[in-house]
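Structure first, commentary second.
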Amino acid sequence: MAAPGPVRLFRAAAASSRRWLFSSTSPAAGPRPGCSGAAAAGRAARPFSLSARAVLSSEDKITVHFINRDGDKLTAKGKPGDSLLDVVVDNNLDIDGFGACEGTLACSTCHLIFEDHIFEKLDAITDEEMDMLDLAYGLTETSRLGCQICLKKSMNDMTVRVPEAVADARQSVDMSKNS
C-alpha cells in the first residue's frame, strides 16, 4: 500500500482543523471560568456574519474607561455579560500583556483596580480568582481579575485602573512601564 501523497495529507489535515475549529469540542468552545450565559455562549462560536439580532445598538452597550499604566485613558464599549477581558480584546486596546491566559484563571495579567462604589456591587470572588490575585503586583482592597468581571448596565461609564506592573503567574517576568 502506497503512502498518501502530500495533497491527500494536506486535505485530511485541513478537514480535521475545520472540524476542530467549528465543533463544540474546540478549546474556544469549552467552558471557561468567568462570565456565563448568552455572552459566553456567543464567544464560543463567533459567527462569520452578523444577524440583525446579534448586532447591539450603541445604546445597548456599556462604556468602560481604562486608565492604562502610562496614565492614558482608553475608552471601549462592551455588551452586557461580556467580561472586561473580552472588552479589551474585542476593542483591541493597547494594554501590554493583558489577559495572557485568555481568561482561564492561569495568570493575573488582567488584574484591575476598581472604584469603591463599583467594587461593592461586583459578584463574590471565587477561591481560584483569589489564588491568582495573591500573585498580582500592586494588589489593593478593590483589585479583581478582569476575566472574572461581567459587564452589567449599572457599570456603564465606570473607570478601572490597570496597575503599574503586571505579574504573569505562568512566568517570572515583570512587565512594568519602566522596562
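The values are calculated or read from the model by the stated rules, or taken from the named source; none is laboratory data. Worth saying up front: this structure is predicted, and the values here are computed from it rather than measured. Every residue, glycine as well, gets a Cβ built from its backbone with ideal geometry; the counts of neighbours run over all protein chains shown. For the accessible areas, the whole protein counts, side chains as well, though only heavy atoms, and no ligand, DNA or RNA atoms are used. Shrake-Rupley method; radii C 1.70, N 1.55, O 1.52, S 1.80 Å.
Please list, by residue number, every one of the chymotrypsin sites (Phe, Trp or Tyr not before Pro) in segment 110-145 that is coil in DSSP and has at most 16 other beta-carbon atoms within 10 Å.
Values: sites: 114, 119, 137; in loops: 137.
In loop regions of segment 110-145 (DSSP not H, G, I, E or B), the sparsely surrounded chymotrypsin sites (Phe, Trp or Tyr not before Pro) are 137.
Pairs of Cα atoms under 8 Å, at least six residues apart: use those to get the relative contact order of segment 65-112, whole percent. Before the final figure, lay out each step's value.
On the way: 38 pairs, mean separation 11.8, N = 48.
RCO, segment 65-112: 25 percent.
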Calc'd 3J(HN,Hα), segment 93-102, phi into Karplus 6.51 cos²θ - 1.76 cosθ + 1.60 (θ = phi - 60°), Hz, glycine/Pro = x, comes to 6, 8, 10, 3, x, 5, x, 4, 8, 6
The correct ranking of 126, 159 by accessible area at 1.4 Å, largest first, is 126, 159
